[in-house]
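Trainee: Sharing a structure, written as structure tokens. Questions coming.
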Amino acid sequence: MIRYLPLILTGVFLNAIAQLLLKQGMLRIGSFSMEAAGILAVAPRVATNGFVWGGLLSYVVSVGVWLLVLSRVDVSYAYPMVSLGYVFAVIVAWAVFHENVSLLRVVGVLVVCLGIYVIARTG
């Protein structure tokens with residue numbers, strides 16, 4: 001199973017990149033209300049935002065890659081690897097979006113990394 005780790009990581013990182021692209025797109029658009037008028041007002045800007053489209057495309061490709069993964073690897077091995085996307089997203093959110101990453105959040109990320117390490121060794 002470990003030989004499929006590059007394929008798993010590709011799917012995981014494409015999924016995380018999708019989140020980050022969607023975040024960038026929404027930063028450019030701004031927040032909106034969940035009332036019908038707010039949604040209708042923002043919909044054209046969302047529909048024409050390149051970052052949003054890039055995020056959606058990344059999701060589609062990540063699903064294709066994930067289907068390849070699931071056809072070759074035990075889901076009990078592959079699915080926990082998805083949490084690497086959380087680690088990647090926290091690092092990028094801190095570095096690119098200048099989000100506050102507290103010490104407690106860093107400890108949580110390290111715990112996730114430890115769990116992934118344990119699972120990867122069972123492959």
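The values are calculated or read from the model by the stated rules, or taken from the named source; none is laboratory data. Predicted, not measured: the structure shown is a model, and the values here were computed from it. Positions of Cβ are backbone-derived with ideal geometry, glycine not excepted, and every protein chain shown enters the neighbour counts. When the accessible area is computed, the model is the full protein with side chains, heavy atoms only, and any ligands, DNA or RNA have been set aside. Shrake-Rupley method; radii C 1.70, N 1.55, O 1.52, S 1.80 Å.
Trainee: Which of (1) closer than 29 Å to I119 by Cα; (2) without any contact (Cβ under 8 Å) to a residue 40 or more places away in the chain; (3) under 11 Å from the mean Cα position of the chain (by Cα) is the odd one out, the single condition L14 does not satisfy?
Mentor: It is condition (2) that L14 fails.
Trainee: Just to be sure I understand, how many residues within the stretch 19-51 are in a loop (DSSP other than H, G, I, E, B), modelled with pLDDT of 95 or more and in contact with a Gly (Cβ under 8 Å, 6 or more places away or on another chain)?
Mentor: 1
Trainee: Before we move on, is G54 assigned to a helix (DSSP H, G or I), surrounded by fewer than 16 Cβ atoms within 10 Å (Cβ to Cβ) and small (G, A, S)?
Mentor: no
Trainee: Would you check if there is a residue in the stretch 24-45 being within 14 Å of the chain's Cα centre (by Cα) and either under 22 Å from G108 (Cβ atoms) or of a type in the set (A, V, I, L, M, F, W, C) (or both)?
Mentor: No, the conditions are met nowhere in the stretch 24-45.
Trainee: Do any residues in the stretch 34-58 that are under 29 Å from V12 (Cα atoms) and touching a residue at least 40 places away in the same chain (Cβ under 8 Å) have Cβ atoms under 7 Å from those of residues that are part of a helix (DSSP H, G or I) and not polar (S, T, N, Q), where the two are at least six apart or on different chains, and which pairs are they?
Mentor: Short answer, once both residue conditions are applied: S58/L14; S58/I17; S58/A18; S58/L21.
Trainee: Moving to a separate point now. Say we look at the stretch 68-92 and pick out the residues that are of a type in the set (A, V, I, L, M, F, W, C), free of Cβ contacts under 8 Å to residues at least 40 places away in the same chain and open to solvent by less than 60 Å² (accessible area, probe 1.4 Å); which of these is nearest to K23 (Cα to Cα)?
Mentor: In this case the residue turns out to be V90.
Trainee: Does the stretch 28-50 contain any residue that is touching a Lys or Arg at 6+ places or on another chain (Cβ under 8 Å) and surrounded by fewer than 17 Cβ atoms within 10 Å (Cβ to Cβ)?
Mentor: yes
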